[in-house]
1. How do B:Met199, A:Met38, B:Met125 line up, fewest other C-beta atoms within 10 Å first?
2. If packing is taken as the average number of other Cβ atoms within 10 Å across a peptide's residues, how do A:82-90, B:145-153 rank, most packed first?
3. Post the alpha-carbon centroid distance, segment B:10-60 to segment A:70-88, in whole angstrom.
4. Which of the trypsin sites (Lys or Arg not before Pro) found in segment B:113-203 are loop residues per DSSP with 15 or fewer other Cβ atoms within 10 Å of their Cβ?
5. With r defined as the distance between the Cβ atoms of A:Thr91 and B:Leu22 and R0 fixed at 30 Å, what FRET efficiency is calculated, to the nearest 0.05?
6. Mind jotting down a quarter of the surface of the convex hull over the alpha carbons of segment A:1-67, in square nanometres, one decimal?
Amino acid sequence: MTQFEIYSVVSACLFGLGLFGLIALPNILRKILSFNVMGVGIFLFLVATAQRDNPSQPDPVPQAMVLTGIVVAVSVTAFALALLQRLNGETRTTILDEEQAENDQ
Amino acid sequence: MSPYIDQKMTKRSLPRSQLRTLVAAGLTIVVTSMVGITMVRLPESTAWQPPPALENVEESGVDQAVTAVLLNFRSYDTWLEVVVLVVAMLAVLAIRRQHHFTLEQTDTFNDPVIKHFSKLIVPFMILTSGYLLWLGTRQPGGAFQAGAVLTATLLLLVTAGLANADPIRSSRVLLLIMLAGFLAFMIVAIISLATGHPMLQYRSDREGLSILAIETAVTISIGLTLALLYFNAFASFIGSSSGSAQSMENYDDPV
């Protein structure tokens, strides 16, 4: 298995794990973390693509895009955490769909 | 009624949370396999040519390709990235109940060990941040990495209770520092447009200096913005009184 294939499979697995967490976990903080994991998977794929065709001369443009993407993900996470904090202040809960969670128990 | 009849008559379907987990698992497996197969099966490039960005690094004013791309070839994208940070700051300001930023002392850790350790290590962290900023011209580094270390420094100072040493109480000064990166890009853009060049084109003999100047402003701006974003988003969680919500004592977790 070539290096690019390994990176691609890991990137897809990270994306899938993040997607699962985003949908299945009721706690909002964990959804935010899963969203970040999805983003990291995509960053890994971008960087792997940059060095795929000629590893000695990697393309710097996808690498710069990943740096920009990391900063954007950090900003979005900060805003999501502020929203979570406000939600917790207003409704005293950090769980989305709490009625469903109560009905299941 | 006997429980036996009750059990027969009430037919329970799958609980909603388990159904959601199953649907999520199925969806994840489908999406992951599709994405993975597509990624692995990307066709090889037939005629590879050296990336244009790599070939023009010498003319960009720095020696490192990624920094050249970020701050010269695609500096407009970096400017917009700084704008994203500013917008996140505005959004967090809008969400908070107090509409100003504070960088105050917290009493989370009155631990003398952490206080002493912070006093020892913060100068080295600032030095590391400055070194990473300068290093970006010839090796991986630059404004964002240095800004991240600066953010860590500020957060360490705040949680160790040392941020009261010389407080910046004025919210306007904080906002000005946070806008410094954006303003640096805007000044360069205005100067380049006013002298008749394309926007954000540096003077050909001063490219390295322009890049370093912009990076310095962006570093300080990023350091303060990220620190204030995270500090104010979770202010009450780390014990200060400037938070906008109740503390998360009644944190429920049925999962």
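Please treat every number below as a calculation from the coordinates, not as lab data. Fair warning: this is a prediction, and the values are worked out from it, not measured in the lab. Glycine gets a Cβ as well: all are built from the backbone with ideal geometry, and neighbour counts include every protein chain shown.
1. Working: B:Met199 12, A:Met38 20, B:Met125 17.
Ranking B:Met199, A:Met38, B:Met125 by Cβ neighbours within 10 Å, fewest first, gives B:Met199, B:Met125, A:Met38.
2. Values: A:82-90: 19.0, B:145-153: 21.8.
Top of the packing list down: B:145-153, A:82-90.
3. 24
4. Values: sites: B:Lys115, B:Lys119, B:Arg138, B:Arg169, B:Arg172, B:Arg203; in loops: B:Arg138, B:Arg169, B:Arg203.
Hits after loop and neighbour filter: B:Arg138, B:Arg169, B:Arg203.
5. Details: r = 28 Å, r/R0 = 0.92.
FRET efficiency, A:Thr91 to B:Leu22: 0.60.
6. Details: hull surface 18.9 nm².
Hull-based average projected area comes out at 4.7 nm².
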